[in-house]
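Have a look at the structure below before the remarks.
Just so it is clear, none of the values below were taken in a lab; they were calculated from the coordinates. Source: prediction; values computed, not measured. Methodologically, a virtual Cβ is constructed for each residue, glycine included, from the backbone with ideal geometry; neighbour enumeration extends over all protein chains shown.
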């Protein structure tokens, strides 16, 4: 784990100043499993060292756009392109030199975001792009600004074109629609894989999230650097934030910025549920060690996908008394 002693001392004091009313405290020797306790609206579940833990977020995300970057891919560097601030600044497949605190991102604590890039049930359709629903902004303006290249309808056709080219196919030879881009079905794992984001709702979480959302997360991510060439698209490929869960290298940590690293999981047998169990009952993705083993075994597609996306939270174990 990257240690940031020079910042952690200050962050400990900051945490105390916030006066957090935490539902969790650090405990020792907890086993995989989730206590029957509902977490707050600014919290999500996570996994660390084989345990189910909890994150507490204290401010919104940040996607760092450096002055020499061109994240909207219009040929103009950010330092001379004020409109870039309105574009899809959260980018997968790229990175930033600095984190939001101004420290080198290479030294920022890593947050591994596991994404269910497999299909549990082919009868469950893809979600609809949230930008096409009332209340999600002016689509005409987005198109004019060249920030939307995915059709404004079901994400299914685009996703199937992508997955077929990647060799992720259904029995009939067509591409799968990954669970990552389906509306979650909490309590019904035979439809869509269980995830920590969006929030599943009571009794696990106080808030029920909708597709493409999660507390203090961005709602959209530009995937052009990951899938643009495969799809034959140029410019930003803006998609809703996929369903996902979280892994860190420890089971408790002070309040700091975390650098998001994406992992596309293609083997459902190691996908963990709310309690950290999985169909294989071993090798479940509840630790970085298990994740690295899954990568080596081909259960995760490709390697680590870097981003310029950062989240600000502390991590704690559930109290052993729950």
Starting from 0.36 nm per residue, how many nanometres of slack lie between residue 282 and residue 42 once their C-alpha separation is accounted for?
83.3 nm
If 191, 259 are placed from fewest to most neighbouring beta carbons inside 10 Å, the sequence is 191, 259
Simple SL model, points at 7 angstrom along Cα→Cβ for residue 273 and residue 293; separation in nm is 2.0
Quick one: 319, 281, fewest Cβ neighbours within 10 Å first, how do they rank?
281, 319
For 155, 168, ascending order of other Cβ atoms within 10 Å (fewest first) is 168, 155
Beta carbons within 10 angstrom, averaged per residue: use that to sort the peptides 58-68, 106-116, highest first.
106-116, 58-68
